[in-house]
Amino acid sequence: MSALTDASLQKPVTELKGVGAALAAKLDKLGISSIEDLLFHLPARYQDRTRVTPIGAIRRGDEVVVVGQVMLADVVKGQRRALIVRLQDGTGSISLRFFHFNAAQQNQFKNGLWVRCYGEARPGANGLELYHPEYRIVKPDQPLTVEDYLTPVYPLAEGLTQNRMRQLIDLALAQLKNTTVTDWLPSALFPHLPSLKDSLLLLHQPPPDAPVYELQEYKHPSQHRLIMEELIAQQLSLLKLRQQHQAHLAPIFQVSGSLQQQLLDQLPFPLTGAQGRVISEIQRDMALAKPMLRLVQGDVGAGKTLVAAVAALTAIEAGYQVAVMAPTEILAEQHFNNFTQWLTPLGLETAWLAGKLKGKARQKQLDQIANGAAMVVGTHALFQEQVQFQRLGLAIIDEQHRFGVHQRLSLREKGRMGDQYPHQLIMTATPIPRTLAMSAYADLDTSIIDELPPGRTPIETVALADSRRDEVIQRIAHACQQGKQAYWVCTLIEDSETLQCQAAETTFADLQLRLKELQIGLVHGRMKPKEKADIMAQFKANKLQLLVATTVIEVGVDVPNATMMVIENPERLGLSQLHQLRGRVGRGAQQSYCVLLYHTPLSRNGKARISVMRETQDGFCIAEKDLELRGPGEVLGTKQTGLAQMKIADLVRDQYLLEMVNQAANKLIQHYPEHLEPIVERWLGGAEQYAQV
Ligand code: ADP
Ligand code: MG
C-alpha cells in the first residue's frame, strides 16, 4: 500500500499535537477527518508576503506588503467616520483606511514612525488605499523579516482561523515529509508532471519564486498533477459504476413494432429525423440482455415525449410495464394526458400516481399498477413503498436534472425482478456541452435530439425595464384579443415558495383589475393538485387567455396556442431556467414573443444573461454560457451526476483537460488495472456515491 494510504497518514486528526475533540468537530465540517484529508485541503489562493513592494509599484487589486513612514494620521467624517493614515516610502504614498479604531490606535501613528502592513490595494478618493490592513509599527533599523513561502489562504469553517489552519497543515506536512508516497499515476503516462508528494508540498508551501499568477489560475504543474489525478479518479469511478450496471441482466425487447406503427399512424405529423435516430438507438439498447442506461438530451420543444412514448410501446409490446416519472405534478399530469390520449386508442391502460392522491382513488391506482397497467405515470410518489409493479421493463425519467441520482436508482431497484433490472431512459432539456457530458455522465450512454420539428418560428425576445410594465400589459390585451394566449411568470424573490406564490397572487389580482375583458388564471406551487390541473386544463382549452404563474410551469408544459410570455425579474433566474421558461412559447407555427421585464439597475451578470437570451435560442449555446456565468455546480449539480464533490478540479475551469483525462483513464484501465482501485480510493474514499445503492 502507498504511504498516503499508509497508517501514519490515515490516522485521525486528533493524533496531531493539540487537536482535541472540539477542533476535530470543526474540521469535520470541512470534510477533514484524517491527516491525509488535511494534506488534500488545498489553499484557495495565496498571498505574497515574501517581499516588500515599493509603494510606487502597487497596482489596484494587488495584495502587498508595504513599509512606509507616517506622513499624517487623521480622522475624517465623510459618509463613514474613518481613520486615515498616509504612508510614504520615497517611491510614492498610499493611505490606510480604518473604520473601526480606538483612540490608542489613532495616537499610535505618530508622524515619522515606520509602519509595516499587509493588505489589498483598492482605489480611493486620493489614489490607492489599503482597507483595514494588518499592520505593525517597526523600527527603521529593524531587519525586515519576510516570509519564506507564499502564504496559503485556506477555505475555513466557523471557529477556525487561517493561522490555526496553517499550523495544522504544517503538522501534517511534517508527517508527509517522512513518508514515501506511491504514485498511482504512472510517470510513464505523464513524464512531465511532478510526483504527488512534491505537488502537495509545493502547493502548501510555494517557494518565493513560485509563479503566483500560475497558481491563482490553477495552471501550475503541481496543480495539473492533482487535477488530472482527481478527474481520472472521478472518471474511473463512474466507469466502474457503468460496468457494475452492465453486468446485470435485463429483459430483451424484440418486437414487430405494430404498436409503434399504430401510434405513428394516429399522429398528424411524421417523426423528425433526429427523433427517428434516437428511437433506434434506444431500441438497439433494449434488444440486449443488459439494462439500458441512456440519457436523451434534446432542446426544449424537440419532441422528447413522443420519443419516450415510442420507447414505451416497444416495452409494452414485449409484455412489460413502463413507468414515467416527472419532477412536478403539473408535468406528470400533462404526461398522463398525453399518454392516455395516445395509448387508449391502442387499447392500453394508463395509471396515475402522485403524492397527493389519497384514499380510495390512490388504492385504485395502486391496484391497477400491481395488476399490470401497461403505462404508469407519476411523480416521485412512484417509488414509495406501497407501489408494486407487476413487470416493470422500462423506467423513463423526464427532466432528470430535477432528480437526484439516488431517486433514479430507487426506481430501478423497485422494478427489479429477480436478477433482472428494468431498462432506464433519462430525458433532459438541459443540454450539456459534449466534453463535459463525457465526464459528468461517463456512466451513461447519450443520445441527442438535435433537430426541432419543422414549422417553428423563432421566438422574438425583447428586454424592457419594468418602468414599461403598462405598455406590456397593453400588448398582452392586444394579443389576447386576437385569439392568442399568454403567460405571465412571477419569479422567486427569495428562496421561498411562499413569497413567490404571494407575488403571483398580487400580480394576478392586479392584472384582473386592469384587464377586465380577459379570462385570467393563476397557478402556483401551493395550490392543490386538482386546482392546478383544472386551471391548466382550462388554459389548454383556451378558456383562459392569460395565465399568471410561478416558475412551476418551467418544465414541459405544452400549450401551442400560447404565443406570448412575460417574465418578471428575469435577472433573478439562471440562463437554463430562462430558456426552459421561454420554451413554453414558440410551440406552434405562429410568431411568439418573450418579454423580459427586468428590474433596474441590472448587475453585470444580469445584463450578460439577458443579452444571451436575446441573442440565441440554441439550448446548447445557452448551456455553455450558463456554465461560464454560473459554474458547473449550479448547472450540473454533483447531486444529479454521479460525480462526488471535488477537492481541486473544476469541470469548467479544467474543461480543456477532459479529453486528456479520458485517454489517460482508458490507458490506465488497459495497462495498469491494479492502479485503478487505489486511485479511486485515494480521491473518492467513502464518497463513491451510488456504487453502494
Ligand atoms: P420536449 O422535448 O420539450 O419535451 P415535447 O415532447 O413537449 O417537447 O414536444 C413539443 C411539441 O412538439 C408538442 O406539441 C409535440 O406534439 C410536438 N411534436 C413532437 N414531435 C413532433 C414532430 N415530429 N413534428 C411536429 N411536431 C412534433
Ligand atoms: Mg418535455
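Counting Lys +1, Arg +1, Asp -1, Glu -1, what net charge surrounds residue 137 among other residues with beta carbon under 11 Å of its beta carbon?
Every neighbour counted, the sum reads +4.
How many Å² of accessible area per residue for segment 51-138, probe 1.4 Å?
Ligands and nucleic acids excluded, the figure is 54 Å² per residue.
If we sort 325-337, 673-685 on the protection proxy, mean other Cβ atoms within 10 Å, highest first, what's the order?
325-337, 673-685
Could you give the accessible area per residue of segment 460-616, probe 1.4 Å, as a whole number in Å²?
Accessible area per residue: 43 Å².
Please state the charge dipole magnitude for segment 258-449, taken about the Cα centre, from unit charges on C-beta atoms (+1 on K and R, -1 on D and E), reported in debye and rounded to the nearest 20. All intermediate terms of the calculation are to be shown ahead of the outcome.
Working: 17 positive and 16 negative charges, 65 e Å.
Computed charge dipole of segment 258-449: roughly 320 debye.
Could you tell me, in Å, what Rg and Dmax come out for the Cα atoms of segment 258-449?
15.6, 49
Please report Rg (one decimal) and Dmax (integer) in Å for the Cα set of segment 175-299.
According to the Cα coordinates of segment 175-299, Rg and Dmax are 25.2, 74 Å.
What net charge is computed for the residues neighbouring residue 343, neighbours being all others with C-beta under 15 Å from the C-beta of residue 343, Lys and Arg scored +1, Asp and Glu -1?
-3
Divide the volume of the convex hull of the Cα atoms of the chain by its number of residues and quote the answer in cubic angstrom per residue. Provide the component values of the computation, followed by the final result.
Numbers: hull volume 141.3 nm³, N = 693.
Here the figure is 204 Å³ per residue.
Normalising by the residue count of segment 51-138, find the relative contact order in percent from Cα pairs under 8 Å and 6+ residues apart.
31
For residue 616 and residue 510, FRET efficiency with R0 = 22 Å and r from the beta-carbon atoms, rounded to 0.05?
The computed FRET efficiency comes out at 0.10.
Going by average Cβ neighbours within 10 Å, how do the peptides 222-235, 462-475, 81-94, 106-119 rank, with the highest at the top?
Put in order of decreasing packing, that is 222-235, 81-94, 106-119, 462-475.
Please compute one quarter of the surface area of the Cα convex hull for segment 1-104 and express it in square nanometres.
Projected area, direction-averaged: 11.5 nm².
At 222 nm, what value in deg cm²/dmol follows for the chain if DSSP H runs of at least 4 each add -39500 (n - 2.57) and the sum is divided by all its residues, to the nearest 500? Present the calculation step by step, with values, prior to reporting the outcome.
On the way: 24 runs with 265 residues, N = 693.
-11500 deg cm²/dmol, from helical runs alone.
Mean Kyte-Doolittle of at least 0.5 plus a Cα span of 15 Å or more along the axis: flag which DSSP H helices in the chain meet both, please.
304-317
Say the cut-off is 24 Å between C-alpha atoms; which of 607/647; 516/543; 77/110; 364/528; 304/360; 219/625 go over it?
Violating the 24 Å Cα-Cα cut-off are 607/647; 304/360.
Quick query: amide H of residue 47 versus all other amide H atoms, modeled in the peptide plane; which residues come in under 5 Å with a sequence gap of 5 or more or a different chain?
Those qualifying (amide H under 5 Å, at least 5 residues apart or on another chain) are 151, 153.
At 1.4 Å probe size, with every protein chain present, just tell me what the per residue accessible area of segment 167-265 comes to in Å².
44
At what distance in angstrom do the alpha carbon centres of segment 251-276 and segment 86-106 lie from each other?
Measuring centre to centre over Cα atoms gives 77 Å.
With a 1.4 Å probe and every protein chain kept in, tell me what percent of the accessible surface of the chain is carbon plus sulfur.
50
For segment 91-242, what does the alpha-carbon gyration tensor say about shape, rounded, prolate or oblate, given a ≥ b ≥ c as the root eigenvalues, a/c under 1.5 as rounded, and a/b over b/c as prolate?
prolate
If we count every other residue with Cβ under 14 angstrom of residue 213's Cβ, Lys/Arg +1 and Asp/Glu -1, where does the sum land?
Values: positive: 45, 59, 219; negative: 48, 62, 63, 209, 214, 217.
Residues close to residue 213 contribute a combined charge of -3.
Compute and list, largest first, the equivalent-ellipsoid semi-axes of segment 460-616 from the alpha carbon gyration tensor, each √(5λ) rounded to a whole angstrom.
Working: eigenvalues 96, 64, 48 Å².
Calculated on Cα positions only, the semi-axes equal 22, 18, 15 Å.
Provide the percentage of antiparallel DSSP beta bridges, counting only those with both residues in the chain; round to the nearest 5.
In the chain, approximately 35 percent of DSSP beta bridges are antiparallel ones.
Once segment 276-324 is represented by equal point scatterers at the alpha-carbon sites, with solvent omitted, what log10 I(q)/I(0) does the Debye formula produce at q = 0.27, 0.32 Å⁻¹?
So the normalised log intensities are -1.20, -1.45.
Any chance you could get the radius of gyration and Dmax over the Cα atoms of segment 51-138, in Å?
11.8, 35
Spelling out what I want: for every residue of segment 105-114, take phi, set θ = phi - 60°, compute 6.51 cos²θ - 1.76 cosθ + 1.60 (Karplus), and round to whole Hz; glycine and proline get x.
Running phi through 6.51 cos²θ - 1.76 cosθ + 1.60 with θ = phi - 60° gives 4, 4, 6, 4, 7, 7, 3, x, 6, 9 Hz.
Please compute, over every Cα-Cα pair in segment 128-207, the percentage with a separation greater than 17 angstrom.
Numbers: 2094 of 3160 pairs.
Counting pairs separated by more than 17 Å, the tail of P(r) holds 66 percent.
Residues with amide H under 5 Å of residue 488's amide H, sequence separation 5 or more or different chain, H placed in the peptide plane at 1.01 Å from N; which?
547, 548, 549, 566
The values are calculated or read from the model by the stated rules, or taken from the named source; none is laboratory data. Values in this document were obtained by computation on a predicted structure and should not be read as measured data. Because the Cβ atoms are built from the backbone with ideal geometry, glycine has one as well, and the counts that use them run over all protein chains shown. SASA here: full protein model, heavy atoms, side chains in, ligands and nucleic acids out. Shrake-Rupley method; radii C 1.70, N 1.55, O 1.52, S 1.80 Å.
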